[in-house]
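Worksheet for the structure shown next.
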Amino acid sequence: MTTPASADPHAAPGPGCLSYALLVAAGLWAIAASVTAQVVAWYLDQALLISGQEMPSLVWLPISWGHVLLLALPLGLLAFLATTPRLRAVYRAWALAIAFIAVLAFPRALPRTASQPAALAQILLSLLCASALLACSVRRRRAAVPSAGRARPAGVAPALILAPLVAAPFLLWGALGSPLDTLLDLSAGLSLGLFAGLLVDRLAPPAHGLEASLGAGRAGGLALAAWGAVVTFAILGAGFGFGGSQLLLLIVLPPLGLAAGALAVRAHRATPPRSAWLAVTLLVGLATGAALALVDPDELVLVLGEHEILAWATRAAWSAFGLALLAGLLALGLAAFARGPVSGRGIRPAGWAGAALAGLAALGLYALAGQPGFYGERLFVILRDQAD
């Protein structure tokens, strides 16, 4: 008679309830500290602006690094002390996200109106960090499983269905800037998505992503992967925005962690195991790109009064939050109750058809109910001598 794997007397004991409670508490601290640091700093900036002064842009460097210290001290210690792979994987993901936003603090030292140079700096720094993360992940995977091949991406079609859904409020109530602004903002969003995708999918040994290293069963592994992604996206959103757009990303990105965790779990349970980095890249990148491209950070100021761009942007962000939360809960339910191995071959045509319909619906919403076109900065010339 064969002894079940779960009854192996030599198996390493899993973490207890206290360890999971500490993980949840640490994640809540990371979210609360991120929200508090960014909201307080932004309101201080707005108060000075209303009083006729302006906070020097260089002040955002110590503010951002202070936020990093608030997160790094407890979470870095937990990442160092964690002994079980399932928890160490999550803590390491959070630690790498903190290191990422420490690097991304430099673009915030640029002047408020330098949104294009800031976006370009964000793109370059994000790609640099993503390249370093990819190199480390490949080296760790080869060391753990020398014969392991490259896993094929999975979950792309579901990600392309969810991304237009989350971006819909911004398409409805936002407006694009100049063509160059749009290109830079979309590229910045996708560069952040790339880092997020690699972080969620490639971090933990044996290179099957977060959930594969958790080993806590179907529901437990899914919950840990989703919670790890939620907190990771909150950290990334708080440290990535510029000129107030970080507040929008703090609202939009965290609920996307539910769907990202579900996509990663489904991909890693496929036969053979697949990767979810491309799906998460598109999901996070397109949602972030929409928030950045369709809202001008220069207009996110209290001095303009009510019923201006700040109010519409906030409405769009909270609407996107609700849509992302509902979609994430649905994705988690589907991943939790799915039975048997996942191949993905039977749903490819339906998935791609759904992605095409979602994209067309988003374009139709933007063309018919939104503000289509480009609305970049315009130069107004006021003559000294006015005509009668």
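The values are calculated or read from the model by the stated rules, or taken from the named source; none is laboratory data. Owing to the predicted nature of the structure, the values given are computational and were not obtained by experimental measurement. Ideal geometry is used to build each Cβ from the backbone, glycine not excepted, and the neighbour counts take in all protein chains shown. All accessible areas refer to the heavy atoms of the entire protein, side chains included, with ligands and DNA or RNA removed. Shrake-Rupley method; radii C 1.70, N 1.55, O 1.52, S 1.80 Å.
Some observations on this one:
Residues checked against (1) of a type in the set (Asp, Glu); (2) buried (at least 19 other Cβ atoms within 10 Å of the Cβ); (3) at pLDDT below 95:
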{"position": "Leu282", "(1), (2), (3)": "no, yes, no"}
{"position": "Gly285", "(1), (2), (3)": "no, yes, no"}
{"position": "Asp296", "(1), (2), (3)": "yes, yes, yes"}
{"position": "Glu299", "(1), (2), (3)": "yes, no, yes"}
{"position": "His307", "(1), (2), (3)": "no, no, yes"}
{"position": "Ala311", "(1), (2), (3)": "no, no, yes"}
{"position": "Ala316", "(1), (2), (3)": "no, yes, no"}
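Conditions (1) assigned to a loop (DSSP other than H, G, I, E, B); (2) within 27 Å of Val265 (Cα to Cα); (3) not aliphatic (A, V, I, L, M), marked per residue:
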| position | (1), (2), (3) |
| --- | --- |
| Leu73 | no, no, no |
| Leu96 | no, yes, no |
| Phe100 | no, yes, yes |
| Arg108 | no, no, yes |
| Leu120 | no, no, no |
| Leu134 | no, yes, no |
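- Pairs with Cβ under 7 Å, 6+ apart, first in the range 74-89 and modelled with pLDDT of 90 or more, second not small (Gly, Ala, Ser): Pro74/Trp29; Leu75/Tyr91; Leu75/Trp94; Leu75/Ile98; Leu78/Tyr91
- If you go through the range 75-90 and keep only what is part of a helix (DSSP H, G or I) and not basic (Lys, Arg), you end up with Leu75, Gly76, Leu77, Leu78, Ala79, Phe80, Leu81, Pro85, Leu87, Ala89, Val90.
- Residues satisfying the stated conditions in the range 23-36, i.e. closer than 19 Å to Gly244 by Cβ and open to solvent by 50 Å² or more (accessible area, probe 1.4 Å): Val35, Thr36
- Residue check for Ala324: closer than 21 Å to Phe195 by Cβ, open to solvent by less than 20 Å² (accessible area, probe 1.4 Å), at pLDDT 95 or above and in contact with a Pro (Cβ under 7 Å, 6 or more places away or on another chain): yes
- Options Gly220, Gly239; residue that is in a helix (DSSP H, G or I) and modelled with pLDDT under 85: Gly220
- Cβ-Cβ contacts under 7 Å between residues 6 or more apart (or on different chains), taken from a first residue in the range 105-125 that is over 16 Å from Thr288 (Cβ atoms) and hydroxyl-bearing (Ser, Thr, Tyr) to a second residue that is open to solvent by 30 Å² or more (accessible area, probe 1.4 Å) and at pLDDT below 95, are listed as Thr113/Asp298.
- Flag if Thr84 is among the β-branched types (Val, Ile, Thr), within 30 Å of Gly221 (Cα to Cα) and surrounded by fewer than 18 Cβ atoms within 10 Å (Cβ to Cβ): yes
- Counted residues, the range 37-52 - those being loosely packed, with under 14 Cβ neighbours inside 10 Å, modelled with pLDDT of 90 or more and β-branched (Val, Ile, Thr): 1
- Residues in the range 116-137 that are within 20 Å of the chain's Cα centre (by Cα) and among the polar types (S, T, N, Q): Gln122, Ser126, Ser131, Ser137.
- Residue ID - least open to solvent (accessible area, probe 1.4 Å), chosen from residues in the range 336-380 that are in a helix (DSSP H, G or I) and at pLDDT below 85: Gly351
- Listed conditions (1) modelled with pLDDT under 95; (2) hydrophobic (A, V, I, L, M, F, W, C); (3) farther than 21 Å from Val138 by Cα; (4) surrounded by 24 or more Cβ atoms within 10 Å (Cβ to Cβ) are all met by Leu250, apart from (1).
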